[in-house]
Amino acid sequence: MHPTQVLFLGKQQPVSLPVCDHYAGAEKLMRKSVALQQELGPVFDITLDCEDGASAGNEAAHAQLVASIIAGADNRFERIGARVHDLGSAFFEQDVEIICKGAAPRLAYLMLPKAESLADVSAAIALIEHYSSLAGRQALPVHVLIETHGALADVFAIAALPQVQSLSFGIMDFVSAHYGAIPSAAMRSPGQFSHPLITRAKLEIAAACHAHGKVPSHNVTTDIKDNITVAADAGRAVNEFGYTRMWSIHPQQIKPILNAFTPPQSEISAAAQILLAARQAAWGPIQHEGTLHDRASYRYYWSVLQRAKNNGVALPENATTLL
């Protein structure tokens, strides 16, 4: 039996996505991002932005540009998504219709910003399903930005929706929604990891995702030229807050994020040894270097190998057969 048939018996296998979600809103930056993805491989996703990262006043043409890039020959790995306007915007349905009509079969996901509630997300998904189905695509994945009080209050219910793959934390809009009660310093490090209202939101999002097998995606580092800060933020996101994905807004941020989210080589090697031995024992309990392991720890080590594979790390011999 394949490991997933044993380790996730009776449960839905957790969603697995590249650990970096890179945003680009201007045409020049979009095309540069696609070229970089071609160079590095599908180790990071690209989200083409129709909302805050795009200029205003040319929305229909911009959505058509996004659709053409996603449908184009340069989209080699089909790991390009798009952020549309929010449900309350006059441009939301237009974005969805244009992008689905032009690119639904090759679209990785749509990112939904500024949802106010579970009802908002459900309504948006219904409309996305309508236009994607017309274009021949069923169950198009949806990612949701959690950046309002209402969405945070409904976060577990939103994570439970079958179409939702990932939840992202929108730190800047979330801080702004407190109208000065949270200082601006909480939008960046070290405040973003210590202010109680921010840490509460981050932990709620991560907990909701893991409860339903979805991917929590950490907010962006706004300091785009300091790779040390990016690496430190990514390290805290994964090691202290349980995030398995993070936003990038500059190409220089991609590699520090990949490095921070890649398991250490020693853990990858141990994971391969443990899982290969477990398979040899028909997935019964084993000992490895004096420690007992069973299916509970096997699930952990399977996720280690999955993350390493997604990040383009060469796995130990025979370990690829486990994934």
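Here are the criteria: (1) farther than 26 Å from T222 by Cβ; (2) outside any loop (DSSP other than H, G, I, E, B); (3) open to solvent by less than 30 Å² (accessible area, probe 1.4 Å). Tell me which single one V34 does not satisfy.
(1)
State whether the residues of the range 71-78 include one that is in contact with a strand residue (DSSP E or B) (Cβ under 7 Å, 6 or more places away or on another chain) and touching a residue at least 12 places away in the same chain (Cβ under 8 Å).
Let us first name the residues in the range 71-78 that are in contact with a strand residue (DSSP E or B) (Cβ under 7 Å, 6 or more places away or on another chain), namely none.
Checking the range 71-78: not a single residue is in contact with a strand residue (DSSP E or B) (Cβ under 7 Å, 6 or more places away or on another chain) and touching a residue at least 12 places away in the same chain (Cβ under 8 Å).
Hey, could you check the range 222-260 for residues that are assigned to a helix (DSSP H, G or I) and either β-branched (V, I, T) or touching a Leu at 6+ places or on another chain (Cβ under 8 Å) (or both) and say which is farthest from A207 (Cα to Cα)?
Only one residue fits best here, namely P251.
Cβ-Cβ below 9 Å, separation at least six or inter-chain, first residue in the range 110-137 and closer than 16 Å to A63 by Cα and without any contact (Cβ under 8 Å) to a residue 60 or more places away in the chain, second of a type in the set (S, T, Y) and in a helix (DSSP H, G or I): which pairs?
L110/S132
With the requirement that a residue be crowded, with 22+ Cβ neighbours inside 10 Å and touching a helix residue (DSSP H, G or I) at 6+ places or on another chain (Cβ under 7 Å), what does the range 155-170 give you?
V155, I158, A159, V164, L167, F169
Could you tell me which residue of the range 82-117 is surrounded by the most Cβ atoms within 10 Å (Cβ to Cβ), considering only residues that are basic (K, R) and over 23 Å from L29 (Cα atoms)?
Per the criteria, the residue is K114.
Going by the structure shown, is F156 aromatic (F, W, Y), in contact (Cβ under 8 Å) with a residue 12 or more places away in the chain and touching a His at 6+ places or on another chain (Cβ under 7 Å)? Can you show your working first?
Working: aromatic (F, W, Y): yes; in contact (Cβ under 8 Å) with a residue 12 or more places away in the chain: yes; touching a His at 6+ places or on another chain (Cβ under 7 Å): no.
Judged against the criteria, F156 is not a match.
Residue by residue, here is whether (1) outside any loop (DSSP other than H, G, I, E, B); (2) out of contact with any strand residue (DSSP E or B) (no Cβ under 6 Å at 6 or more places or on another chain); (3) more than 21 Å from T244 (Cβ to Cβ) holds:
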| residue | (1), (2), (3) |
| --- | --- |
| A123 | yes, yes, yes |
| G136 | no, yes, yes |
| A139 | no, yes, yes |
| V144 | yes, no, no |
| G150 | yes, yes, yes |
| L167 | yes, no, no |
| D173 | yes, yes, yes |
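Spot the failing condition for T262; the list is (1) within 30 Å of G41 (Cα to Cα); (2) in contact (Cβ under 8 Å) with a residue 40 or more places away in the chain; (3) touching a strand residue (DSSP E or B) at 6+ places or on another chain (Cβ under 9 Å), and only one is missed.
Status for T262: all satisfied but (3).
Give I125, I98 a once-over and let me know the one that is touching a helix residue (DSSP H, G or I) at 6+ places or on another chain (Cβ under 8 Å) and β-branched (V, I, T).
Answer to the check: I98.
I want to confirm something. Restricting to the range 267-317 and keeping residues that are within 22 Å of G41 (Cα to Cα) and of a type in the set (S, T, N, Q), which single residue is surrounded by the most Cβ atoms within 10 Å (Cβ to Cβ)?
That would be N310.
Filter the range 261-284 for residues that are more than 26 Å from N239 (Cβ to Cβ), outside any helix (DSSP H, G or I) and not aromatic (F, W, Y) and give the result.
At the first step, the residues of the range 261-284 found to be more than 26 Å from N239 (Cβ to Cβ) are 276-277, 279-284.
Checking the rest, the ones that are also outside any helix (DSSP H, G or I) come to 281-284.
Within the range 261-284, A281, A282, G284 meet the criteria.
It is to be established whether one or more residues within the range 59-73 are of a type outside the set (F, W, Y), within 23 Å of M172 (Cβ to Cβ) and in a strand (DSSP E or B).
Scanning the range 59-73, I find no residue that is of a type outside the set (F, W, Y), within 23 Å of M172 (Cβ to Cβ) and in a strand (DSSP E or B), so the answer is no.
Pairs please, first residue from the range 228-248 and under 11 Å from C20 (Cβ atoms), second anywhere and of a type in the set (G, A, S), Cβ atoms under 7 Å, 6+ apart in sequence or on different chains.
Every condition considered, the pairs that remain are A234/A260; R245/S166; R245/S217; M246/S217; M246/A234; M246/A237; W247/S168; W247/S217.
Would the range 191-210 turn up any residue that is of a type in the set (S, T, N, Q), touching a residue at least 24 places away in the same chain (Cβ under 8 Å), farther than 20 Å from V142 by Cβ and not in a helix (DSSP H, G or I)?
no
The values are calculated or read from the model by the stated rules, or taken from the named source; none is laboratory data. What you see is a predicted model, and the numbers here were worked out from it, not measured in a lab. Note that each Cβ is placed from the backbone with ideal geometry, even for glycine, and that neighbours are counted across all protein chains shown. With ligands, DNA and RNA removed, areas are computed over all heavy atoms of the protein, side chains included. Shrake-Rupley method; radii C 1.70, N 1.55, O 1.52, S 1.80 Å.
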